[in-house]
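Any read-out appearing in this document is the output of simple, stated calculations on the displayed coordinates, not a laboratory observation. None of the values given here were measured: they were computed from a predicted structure. Please note: Cβ atoms are built from the backbone with ideal geometry, for glycine as well, and neighbour counts cover all protein chains shown.
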Amino acid sequence: MNFVILLKFLLLGAIQGFTEPIPVSSSGHLIIFKHLLNDQVMNDLNFEIFVNFGSLLAILWIFRKDISILIKDFFSYITTKEKKYEVNFKYCWLIILATIPAGIAGLLFKDKIEMMLSNVKVVGVALLITALFLFIIKDLKGKKSEEKITVKNALIIGFYQVIALFPGISRSGATLVGGMQQGLKRETAFKFSFMLYIPISLATMLLGIKDFITSNVDSIMWVYYLSGMLISTIITYFSTKWFRYLVREGKLIYFVYYCILAGISVILFL
């Protein structure tokens with residue numbers, strides 16, 4: 001085992017874990033740090049599958065009670081048609097509906113998006129765009145709770161998620177902006193944003209697994225992959241909790257400052 005390589009994988013796992021939930025783009029930051037490390041070993045799509053799976057595990061754990069209730073109520077409404085299950089039944093369909101635009105766009109433009117992943121300057125510009133989006137909605141509070149979300153709201157938020165397919169545009173940031181722009185309460189927009197993350201992340205992982213199975217992976221690489229996944233899972237958990245607190249307190253301005261600073265730095269120096 002190469003200890004230096006292990007440290008690099010742990011670093012990228014930590015970066016993925018910290019940046020996945022917050023509105024600064026995890027994919028963009030992985031591109032930036034791979035560029036800084038300047039190491040071909042780091043350009044490993046299999047590793048990205050593992051660290052993204054680590055983040056997904058943390059999100060699933062945080063929202064496990066919500067997910068359990070949604071699934072139970074979804075099937076309970078189908079079998080009983082009782083009114084008390086209707087809100088969560090509708091909420092599940094809105095998640096599915098809002099996921100469709102990004103799913104279609106991802107399949108249609110997958111190759112073009114992957115081409116942009118090699119251009120670190122694109123990430124710098126995208127970070128500035130993220131900063132602008134966050135600045136526009138930083139003081140919004142909204143009044144809509146979960147039961148007030150409409151089909152139109154869900155579709156618009158879904159199209160915001162399409163924008164986040166581009167490297168450097170934060171997925172959590174874009175969907176949060178979409179939700180708050182549609183008048184959702186901060187906590188409601190936060191939860192809906194992460195509910196949307198789950199099916200998109202699962203789909204991305206399943207598509208990646210097909211390539212992973214056909215690749216020959218050395219046994220030592222499993223150590224690097226699993227180490228990165230573990231650190232990603234742990235840090236995603238705490239980063240999500242921290243981000244939830246900042247959203248509730250209306251402190252998105254911190255991410256505006258960071259994205260501006262990071263975006264300008266990338267454009268000028270990388």
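Assess whether Ile104 counts as being assigned to a helix (DSSP H, G or I), of a type in the set (Val, Ile, Thr) and without any contact (Cβ under 8 Å) to a residue 24 or more places away in the chain.
yes
Is there any pair linking a residue in segment 85-99 that is under 12 Å from Leu155 (Cβ atoms) to one that is assigned to a helix (DSSP H, G or I) and of a type in the set (Val, Ile, Thr), with Cβ under 8 Å and at least six apart or on different chains, and which?
The qualifying pairs are Leu94/Val151; Leu97/Val151; Ala98/Ile157; Thr99/Ile200.
Please state which one of Val24, Val51 is farther than 24 Å from Val177 by Cα, buried (at least 17 other Cβ atoms within 10 Å of the Cβ), of a type in the set (A, V, I, L, M) and touching a residue at least 60 places away in the same chain (Cβ under 8 Å). Walk me through how you get there before you give the answer.
Values: Val24 fails: farther than 24 Å from Val177 by Cα.
Exactly one residue qualifies, and that residue is Val51.
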